[in-house]
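Notes to accompany the following structure.
The values are calculated or read from the model by the stated rules, or taken from the named source; none is laboratory data. These numbers come from a predicted model, not from an experiment. As a convention, Cβ positions derive from the backbone with ideal geometry for all residues, glycine included, and neighbour counts pool all protein chains shown. To get the accessible areas, we keep the full protein, side chains included, count just its heavy atoms, and leave off ligands, DNA and RNA. Shrake-Rupley method; radii C 1.70, N 1.55, O 1.52, S 1.80 Å.
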There are 2 protein chains.
Amino acid sequence: MQLISLEHIRAAAGRIAGAAIRTPLLPQHWATGAPLWLKAENLQPIGAFKIRGAYNAIAALSEPRRQRGVVAYSSGNHAQAVAAAAKMFGVPAMIVVPDSTPRTKVEATAAHGAKVIEVPIAQRELAAHTLADQHGFNLIPPFDHHEVIAGQGTIGLEIAEDLPGTQVVLVPVSGGGLASGIGTAIKSLLPSARVYAVEPELAADTAEGLLSGTRVDWPVEWRARTIADGLRAQPSELTFAHLKRVIDGIVTVSEDEIRAAVRVLATKANLVAEPSGAVTTAAYLFRRDELPEGRTVAVVSGGNIDAALLAELLRA
Amino acid sequence: MQLISLEHIRAAAGRIAGAAIRTPLLPQHWATGAPLWLKAENLQPIGAFKIRGAYNAIAALSEPRRQRGVVAYSSGNHAQAVAAAAKMFGVPAMIVVPDSTPRTKVEATAAHGAKVIEVPIAQRELAAHTLADQHGFNLIPPFDHHEVIAGQGTIGLEIAEDLPGTQVVLVPVSGGGLASGIGTAIKSLLPSARVYAVEPELAADTAEGLLSGTRVDWPVEWRARTIADGLRAQPSELTFAHLKRVIDGIVTVSEDEIRAAVRVLATKANLVAEPSGAVTTAAYLFRRDELPEGRTVAVVSGGNIDAALLAELLRA
């Protein structure tokens, strides 16, 4: 299986400049025990790192192919990323979402100019593939795609450039595109740094898979239990192969730890993080004994949290 | 009266590198009507821009003078800034606060290693001056000081470098150090850009003063009414002289507009802002007809808000 290389990631960095921002690496003086920096991907234009991979995948298409438009199935940050990236290129975007998707998310995606197609949840993937096959739209998957992985890997390039003394990088893992990309960049540029994946205990299929050496399936009902709604997917064969190569360890965090980390990020770092974006801070705060020591970067992957949930977590 | 120049600000930038961070200038794609960028000073180590001026003032002291230690009277962000900056230099800091100061703020200041001295509010300034006179501590005022103004002005340098096409800069005004410094930098580097000050309606002494051309005093009881607790001071002769030279206009915002802007910053920009830090976004959102058109930078000056208040504003 062909895995991505540093050269893929460097090419992606060239493509996404101007579409995604170079997010700040923020030193955290409240942190005790080890120096902590936050890579604030929640400050991206769509509020999450997904713009990097989606934009890179669309940018890598040939012009005639791109003009046919793009299709994605997602109700989360990937949907908004594909819609926003397609708009930047001026090409049509179709986003297939489950018909149970909250109005606010449908409207946020439509606000980027995408056509939102609501289908029963079980038909979502098939509907997207049908659109791609019948109308020639380019399917942009959320993680199972070399250019998507390379786009997310640009975060690792920036970390290595901005803090060459980084010793530990904490990355959320779900479908594995983000961890695959960042891990590849870090292992190439800072070979002595350790890359740790972080996963909710309630969706810990990757932890189980990496420990056994083989990808495992957890029932979707199990994974759906975590509050970290961006971390309910599981790796593909492609991302799992990357993870096996570049991840040094994996820690899991509890729901209470995730909730506490959202609160700490808001009150100590002045950053709004969604639960999925807060898992790495949770690992830093509560699982330090399972992590290597040293200068630590926690990737805050996104900030798209409902105002009511944020308010609830602030009062906890 | 000697006003600060671009050279003072450039010198300050050299001193504070490594102590304050270069905050990101974040493009906001949700903004409609005019392109908006946020200068996110709430991401500074102490959560507010004050670290720039305080650190610069302490750095500008001669080594023998600095070793005697510093004193400040403040219960807000300036207190934490002086305490944090003194700690970086390894010199003692005394912070005089009103005896009505909430425990959390006293503890936050003490956590930086400062000695916190609680006195009745009316004796605050006198107590600080007495400490300075009797023990040789260097008094670091919150805004009425050339090096403090120059330190805050480094924000203007960064805006001019990062977005040379800036057409409008919105800056909160209270004691006027921030607006004086940023205005001086912007007027020097981007002479065609307009610098607008933003003030709460309930503490609009500067708006009244600039319109009449003369500094005016508002009773402290009036100014204390605004939720923007960092904007309850008023300019000194020194800062007012700067403001008259560099401010093109001033707009005031209501309490409801400030509250709404805190919510918008949290939900659309993923930034936690304190009410004082949200007034510029409030002006952008609600007073557009009073502002020049064009590429606009809103300075989000700080993010130190109580978790309970933030939760309340998120539910509004």
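Results, tabulated for the structure shown:
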item: Exercise: per-residue mean of other protein chain Cβ atoms within 10 Å, A:262-269; result: 4
item: Cα gyration tensor shape for region A:1-87, rounded if a/c is under 1.5, else prolate or oblate; result: prolate
item: Leading residue at positive end of dipole, the protein assembly as shown (Cβ point charges), from A:220, A:142, B:265; result: A:142
item: Qualifying lysines (Cα of each under 24 Å from Cα of residue B:105; at least 8 residues distant if same chain); result: A:268, B:50, B:87, B:115
item: Given charges at beta-carbon only (K, R positive; D, E negative), |dipole| of region B:96-136 in Debye; result: 120
item: Across the identical copies, how the residue A:254 labels are spaced - nm, sorted shortest first, 7 Å along Cα→Cβ; result: 4.7
item: Paramagnetic label zone (point 7 Å from Cα along Cα-to-C-beta, residue B:17; backbone N under 13 Å) in region B:52-71; result: none
item: Net charge of neighbours whose Cβ lies under 14 Å from the Cβ of residue A:142, counting Lys and Arg as +1 and Asp and Glu as -1; result: 0
item: Most fluctuating residue given options B:43, B:265, B:126, as computed from a GNM of chain B linking Cα atoms under 10 Å; result: B:126
item: Nonlocal amide H pairs with residue B:73, under 5 Å, H built at 1.01 Å; result: B:96
item: Region B:1-156, dipole about Cα centre (Lys/Arg Cβ +1, Asp/Glu Cβ -1), debye to the nearest 20; result: 360
item: Label distances, nm, residue A:64 versus same residue in remaining copies, Cβ-directed 7 Å point; result: 8.1
item: Per residue solvent-accessible surface (Å²) - region B:52-139, probe of 1.4 Å; result: 45
item: Förster-model FRET efficiency, 22 Å R0, residue B:100 and residue B:308, C-beta, rounded to 0.05; result: 0.75
item: Order of exposure, largest accessible area first, which applies to B:118, B:293 with probe 1.4 Å; result: B:293, B:118
item: Residue (of A:89, A:188, A:110) at the positive-pole extreme of chain A, dipole from beta-carbon charges; result: A:89
item: Under the Karplus curve 6.51 cos²θ - 1.76 cosθ + 1.60, θ = phi - 60°, whole-Hz ³J(HN,Hα) for region B:10-25, x wherever Gly or Pro sits; result: 5, 5, 4, 4, x, 6, 8, 4, x, 9, 9, 8, 7, 6, x, 9
item: Exam field: residue B:290 pseudo-label spacings to other copies (7 Å along Cα-Cβ), nanometres; result: 5.3
